[in-house]
Amino acid sequence: MDVGKGAHHATGLAPDATRLHDAALPNTEAGLRKVFDRLARHGQVLVVVDQPASIGALPVAVARACGHDVAYLPGLAMRRIADLHPGNAKTDARDAYVIADAARTLPHALRRVDTGEETLAELEVLVGFDDDLAGEATRIGNRIRGLLTQIHPALERVLGPKIQHPAVLEILSRCGGPDGIRKAGQRQLTSIAATRAPRMGQALVEAIVSALDEQTVSVPGAKTAELVLPRLADSLKTVLQQRRTVADEVEGILDAHPLAGVLTSMPGIGVRTAARILLEVGDGSAFKTSGHLAAYAGLAPVTRRSGSSIRGEHPNRGGNKHLKRAFFLAAFAALADPTSRAYYQRKRDEGKKHNAALICLARRRCDVLHAMLRTKTKYQAPAPQAA
């Protein structure tokens, strides 16, 4: 099925490539059941879609309700397979035939659909919303930093790296830009920062006052920026508060999953990272070895050899980008763990740069995580060896 918003195109092929069905299909439960029941007369049905989520969610749910197997063919794999078929047309009918023929001849290219579990479906909605909020927070933060760089670069160097800190946002919300902060005075700034940054409040205020003294001229557009900056700060505070609320909801749903404790027991894996790994990997049973999981995540190096001139291993630029990012961030957060830090430092001593050493650490942690999911046991720190 080449899924669409209003209608899909369905192509049914028998194992011997006989075309059993080829027509447009309305995106309704009645229409889907009718086609599935008709094809079920010929034998066991495997429903393959190119998008298991969003517009493909209803076909997947109806297929599961009818007792049929469900899989999906990734878009990149479908386009590469389509190049092997004659013709250059790009139509729904041709795409549906390519998907069906790939399922018939290249079953290893298919991926499992785990949306049948209610917990994972709820997590997918919340995690997707959280990703949108994270992008919005980054966009607003960059806009604030851009305005500060335009009107007062010295102040941006102080506030920019901490733009999402509650104390910084409260100062911008109450005082505005450089002129408003200067009029507020050091006493009021200290009062604002003390309640939201008890440890760094005094140092932050001193850095702000020092930065304000570095510039005396007013840049064109500064007056309007004084009006815009408080609104941007309020918008960013709202988005960050929404992210905190979503994180609590994700944690509440995640606690009900049996693998939640297994994932979060590993150093560096928090609620958001655990939810992302669970969505992309499931229980890990789809991967025979940790090497398969690492290759799927894009953490395993790619070997390239051609004759005697080209040989070696290179970083993998493909893989599941969401899963790769989750493993990378978890490895970075795990640097506070002594075991992970020691492995990272060993790679740095071998001459690897920071990112390369983190990728090595993420690959090593992938082995551990695969074993934890396979045995459903929590993380256990290795016992120190005797000297």
All strands (runs of 3 or more DSSP E) inside region 1-93 with 1 or more residues being of a type outside the set (Asp, Glu) and closer than 19 Å to Ala121 by Cβ:
46-49, 69-72
Step by step: first the residues of region 253-299, then only those that are more than 22 Å from Leu335 (Cβ to Cβ) and among the β-branched types (Val, Ile, Thr), then the one that is farthest from the chain's Cα centre (by Cα). Which residue is that?
Thr289
Read through the list (1) touching a residue at least 24 places away in the same chain (Cβ under 8 Å); (2) over 30 Å from Glu122 (Cα atoms), then give the number of the only condition that Tyr344 fails.
(1)
The condition of being more than 13 Å from Ala102 (Cα to Cα) and either touching a Lys or Arg at 6+ places or on another chain (Cβ under 6 Å) or among the small types (Gly, Ala, Ser) (or both) holds, among Gly31, Gly12, Gly75, only for Gly31
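For the structure I just gave you, tell me whether His85 is touching a Phe, Trp or Tyr at 6+ places or on another chain (Cβ under 9 Å), over 17 Å from Ala10 (Cβ atoms) and outside the structural domain of Pro161 (by TED's automatic domain parsing).
Criteria met by His85.
Can you tell me which of Ala7, Ala89, Ala57, Ala23 is surrounded by fewer than 20 Cβ atoms within 10 Å (Cβ to Cβ) and closer than 30 Å to Asp255 by Cβ?
Among Ala7, Ala89, Ala57, Ala23, only Ala57 is surrounded by fewer than 20 Cβ atoms within 10 Å (Cβ to Cβ) and closer than 30 Å to Asp255 by Cβ.
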Could you please find all residues in region 366-387 being in a helix (DSSP H, G or I) and basic (Lys, Arg)?
Arg374
Looking at Ala381, Ala333, which one is farther than 18 Å from Glu280 by Cα and either buried (at least 19 other Cβ atoms within 10 Å of the Cβ) or not assigned by TED's automatic domain parsing to the domain that holds Ala275 (or both)?
Ala381
Where residues in region 344-365 are of a type in the set (Gly, Ala, Ser) and part of a helix (DSSP H, G or I), which of them is nearest to Pro267 (Cα to Cα)?
Ala362
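The values are calculated or read from the model by the stated rules, or taken from the named source; none is laboratory data. Predicted, not measured: the structure shown is a model, and the values here were computed from it. We place every Cβ from the backbone using ideal geometry, glycine too, and count neighbours over all the protein chains shown.
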